[in-house]
Amino acid sequence: METIVKKRIKQVKKGDQNAFAEIVDLYKDKIYQLCYRMLGNAHEAEDIAQEAFIRAYVNIHTYDMNKKFSTWLYRIATNLSIDRIRKKKPDYYLDAEVSGTDGLTMYSQIAAEAALPEEELETMELQQTIQAEILKLPDKYRTVIVLKYIDELSLIEISEILDIPIGTVKTRIHRGREALRKQLRHL
């Protein structure tokens, strides 16, 4: 796949915009998933994924053909996600009381999901709980946990994406797992 991508990049550098569309098709799902796991919001993930591809296209001339394109693209998406996390402030709190009601909170305003079989519901709740706990991790731990366990990238790839030594990646993964373990102890 890297050979095809590098061939398309050469075409893009010569001005062929359609070649970049093929690159987007190859990576759009993985980049969206990365952004979603980092941000926990589908709309923001779409925005950041789109921004990542725009940045990659605009800066394609800075891409080093001797390195993996996916690593370069993941770095862009990861950095944009981290920037969004740092800028984001909560608009509302679910446990805040809704004005004009008799003690109802925002939790009561969330639409109920259709009934599912018990096992599927338990699995979904567990996944949501884990995702919520991942979102509570500090940025530096959340990033490596998502890249390692959700996107299943190697330590070397994570090191290249984040531009940090492998030892630091290992340390952050260990500390992130420990923090997550403590947060999930109640399960």
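Read the figures in this text as sums done on the coordinates, not as results from a lab. Keep in mind that what you see is a predicted model, and the values were worked out from it rather than measured. Note that each Cβ is placed from the backbone with ideal geometry, even for glycine, and that neighbours are counted across all protein chains shown.
Computed from label points 7 Å out along Cα-Cβ, the spacing between D83 and Q131 is 2.5 nm.
Taking label points 7 Å from Cα along the Cα-to-Cβ direction, K182 and K14 give a separation of 5.6 nm.
Given +1 at the Cβ of Lys and Arg, -1 at the Cβ of Asp and Glu and no other charges, the dipole of region 1-50 around its Cα centre is 400 debye to the nearest 20. Inter-part distance, region 114-187 to region 9-67, computed on C-alpha centroids, equals 23 Å.
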